[in-house]
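Worksheet for the structure shown next.
The values are calculated or read from the model by the stated rules, or taken from the named source; none is laboratory data. Quantities reported herein were computed from a predicted structural model and do not represent experimental measurements. Quick reminder, even Gly has a Cβ in these numbers, built from the backbone with ideal geometry, and neighbours come from all protein chains shown. The area values use the complete protein model at the heavy-atom level, side chains included, leaving out ligands, DNA and RNA. Shrake-Rupley method; radii C 1.70, N 1.55, O 1.52, S 1.80 Å.
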Amino acid sequence: MTKTAAAGATGSAAWAEALLQSFAQAGYVRAEPPILQPADPFLDLSGEDIRKSLYLTTDASGEELCLRPDLTIPVARDYLASTEAGRPAGFCYLGPVFRQRSGKPTEFLQAGLESFGRQDRAAADAEMLALGLEATAAFAVGEVDIRTGDVALFAALIDALDLMPVWRRRLMKDFNRKVSLTQDLERLTLAPSGGNEYEGVLAALAGSDRKAALALVTDLMSIAGATTLGGRSVAEIADRFLEQSTLKSGALPRDALQKIQRFLAISGAPTDALKQLRALAADAKLAIDAAIDQFEARIGFMAERGIDLAKVRFSTSFGRGVDYYTGFEFELHRLGNGEDPLVAGGRYDGLMSQLGAADPIPAVGFSIWIEAMTQTTGGAA
């Protein structure tokens with residue numbers, strides 16, 4: 001690291017430390033999870049695609065470890081291992097994370113907040129957005145572009161359409177990929193044609209979840225004495241078979257496609273989007289009122305927090321491309337010049353169970369991308 005870069009990093013840390021002090025005053029306890037983490041939670045929750053960006057090693061027992069690529073999962077794991085697990089608790093953090101990124105430093109600072117166990121989800125969501133905006137103000141960013149969405153609304157829509165489980169899985173996966181859903185929808189309405197050499201495997205996987213598919217493919221490859229195939233891991237092969245199984249199960253109904261497309265076209269200020277969602281639910285006779293009510297409650301808490309709703313952009317098609325998000329999602333970008341987010345986060349209620357929690361635990365949080373903040377502010381400290 002050059003002296004100039006080191007000075008910038010030191011200044012960034014000082015800037016972020018001051019921000020964390022304000023978070024502490026708001027009731028968020030400083031968390032400092034170990035840098036070396038088990039790799040499995042990251043691979044299981046983000047998919048094998050993340051492997052190429054991790055710094056991996058193994059311990060003496062053969063367990064695969066990695067330098068933490070993110071702080072959300074490590075903070076959540078420490079919370080679940082503590083006596084506070086299941087109770088409302090808030091944490092703030094600041095520290096280095098490690099991820100291979102083309103043309104960018106592979107070690108960089110990340111700050112953020114995580115809130116666990118709060119049942120008042122709409123209020124907690126609004127608090128996260130408000131504190132995220134406070135972070136941009138602390139870094140003297142100025143005007144920001146506030147982008148929001150809600151994957152819970154899309155999930156409610158898919159459930160209301162009463163599609164086969166394989167379709168729900170495929171559509172949710174596409175949504176979480178962030179860029180592929182619109183491209184894929186029309187293709188999914190075409191009836192499957194032809195066959196392939198894996199018809200028996202695809203038939204066996206119809207209606208299965210990812211865990212069952214992984215077990216089946218693991219068994220098949222074990223019988224064949226192989227651990228990879230064409231450079232793909234067992235998990236990657238299982239995911240591919242699941243996708244093919246979905247396509248072989250039949251075409252997506254045209255009526256469902258039209259409702260999904262109308263849903264994905266809804267965007268604008270939150271209050272305007274709320275009216276459009278109510279109209280869609282009524283016109284299409286969709287039982288999605290509970291998810292819309294939660295969205296409306298969040299809007300109310302955002303207003304109470306002093307957030308200017310006219311400056312908030314909501315889109316039903318907005319997603320952060322992270323599989324474990326289950327509800328509200330948001331990104332804050334510099335207005336007019338914001339390809340990379342300054343602050344990004346959302347609700348991930350399902351993550352705690354995936355990490356081993358015996359009972360569901362609500363969770364919401366965000367990360368602050370310090371390097372993006374300092375680029376915006378010219379490295380001020």
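With respect to the conditions (1) over 22 Å from Asn176 (Cα atoms); (2) assigned to a strand (DSSP E or B), Met302 falls short on a single one, namely (2). When restricted to residues that are crowded, with 18+ Cβ neighbours inside 10 Å and among the polar types (S, T, N, Q), the stretch 67-103 contains 1. Taken as a whole, the condition of being closer than 16 Å to Phe328 by Cα, touching an Asp or Glu at 6+ places or on another chain (Cβ under 9 Å) and either modelled with pLDDT of 85 or more or assigned to a helix (DSSP H, G or I) (or both) applies to Arg147. Put simply, of Glu329, Glu304 the only residue that is open to solvent by 40 Å² or more (accessible area, probe 1.4 Å), closer than 27 Å to Glu143 by Cβ and out of contact with any Cys (no Cβ under 8 Å at 6 or more places or on another chain) is Glu304. Residues that are more than 19 Å from Gly306 (Cβ to Cβ) and open to solvent by 20 Å² or more (accessible area, probe 1.4 Å) within the stretch 104-139 comprise Lys104, Pro105, Thr106, Glu107, Leu109, Arg118, Gln119, Arg121, listed in sequence order.
With respect to being over 23 Å from Glu114 (Cα atoms), free of Cβ contacts under 8 Å to residues at least 40 places away in the same chain and touching a Lys or Arg at 6+ places or on another chain (Cβ under 9 Å), Asp293 falls outside the description. Just one of (1) modelled with pLDDT of 95 or more; (2) acidic (Asp, Glu); (3) under 22 Å from Ile370 (Cα atoms) fails for Asp70. It is (1). The residue pairs whose first member lies in the stretch 52-64 and is open to solvent by 80 Å² or more (accessible area, probe 1.4 Å), whose second member is outside any helix (DSSP H, G or I), and whose beta carbons are closer than 6 Å, counting only pairs six or more residues apart or on different chains, are Thr58/Glu64.
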